[in-house]
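Derivation of every value follows stated rules applied to the coordinates shown; laboratory data play no part. Just so we're clear, the structure is a prediction, and the values are computed from it rather than from any experiment. Glycine gets a Cβ as well: all are built from the backbone with ideal geometry, and neighbour counts include every protein chain shown.
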Amino acid sequence: RKEVEQDPGPFNVPEGATVAFNCTYSNSASQSFFWYRQDCRKEPKLLMSVYSSGNEDGRFTAQLNRASQYISLLIRDSKLSDSATYLCVVNDPGGYNKLIFGAGTRLAVHP
Amino acid sequence: ETGVTQTPRHLVMGMTNKKSLKCEQHLGHNAMYWYKQSAKKPLELMFVYSLEERVENNSVPSRFSPECPNSSHLFLHLHTLQPEDSALYLCASSQAASGYEQYFGPGTRLTVT
């Protein structure tokens, strides 16, 4: 079982759509969770941290379910500029600040 | 300069060459990382430096040699690479404690011929 699993997609959605990405992680002792965004041939950029109570940043909402070891990202009112690969990231509790990256879910928003 | 910078941005080298990648962070962090990202693969952690001490070496071949002279600078020395080492090499930094987000530089796109 992979440490962090994501649906690779691609998700092809029209502008204005709502899209949700899911992620599962294998180590129940993980304590920190993030979503990163990576544009083609660019570096990953932090999109948002994920907190136990869930958190929202504009059109983006992240949720965490520790019991199911499941993280989600919801994007509302998709924009063309949201097209990217979204990486689910979880900390490795066994090491120094080591983050485990999922392979990413690709999103393509079309007019 | 702000954030994390990397030089060079692109590098083409032969298998017998020696080159170095440089990373500098301007965020006041005290942990730095090297990652490798090959085409259509997830990020692979190579090395972790925390408070200038190497704390993780993720079974990386000895042809890759990291150096961290201070908390702001990180180098990756390359020698006798193989074509399969062609990839995007990313540097990141964070606070040196578990659970902190990492910030990435723009990467060096390396091609080994």
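Brief remarks follow.
- 10 Å beta-carbon shell around A:E15, net charge (K/R +1, D/E -1): -1
- The protein assembly as shown - Rg over Rh from alpha carbon coordinates, Kirkwood radius: 0.98
- Inter-label distance, nm, simple model (7 Å from Cα along the C-beta direction), A:T18/A:R76: 0.7 nm
- Remark: for residue pairs A:K79/B:K41; A:K42/B:K22; A:K42/B:K18; A:K45/B:K19; A:K42/B:K40; A:K98/B:K18, the C-alpha separation exceeds 20 Å in A:K79/B:K41; A:K42/B:K18; A:K45/B:K19; A:K98/B:K18.
- Chymotrypsin sites (Phe, Trp or Tyr not before Pro) restricted to region A:1-100 and DSSP loop, no more than 16 other C-beta within 10 Å: A:Y51
- Peptide A:20-32 has a mean of 1 when you count, residue by residue, the C-beta atoms of other protein chains within 10 Å of its C-beta.
- Centroid-to-centroid separation of region A:16-71 and region B:52-103 [C-alpha atoms, Å]: 25 Å
- Of the Cα atoms belonging to chain B, the radius of gyration and Dmax stand at 13.2, 40 Å.
- Candidate aspartates and glutamates for bridging to B:K36, where Cα separation is under 15 Å - those fewer than 8 sequence places away on the same chain excluded: A:E43, B:E44, B:E56, B:E84, B:D85
- Positive end of the dipole of the protein assembly as shown (Cβ unit charges, origin at the Cα centre): among A:L74, B:S93, B:P8, the Cα lying farthest that way belongs to B:P8.
- Loop GluC sites (Glu not before Pro), region B:42-104, which have at most 14 other Cβ atoms in a 10 Å radius of their Cβ (DSSP): none
- By the Cα gyration tensor, region B:1-58 has an equivalent ellipsoid whose semi-axes, rounded to whole angstrom, run 21, 16, 13 from largest to smallest.
- For chain A, DSSP calls about 90 percent of its internal beta bridges antiparallel.
- Descending semi-axes in Å of region A:6-111, equivalent ellipsoid built from Cα gyration tensor: 24, 15, 11
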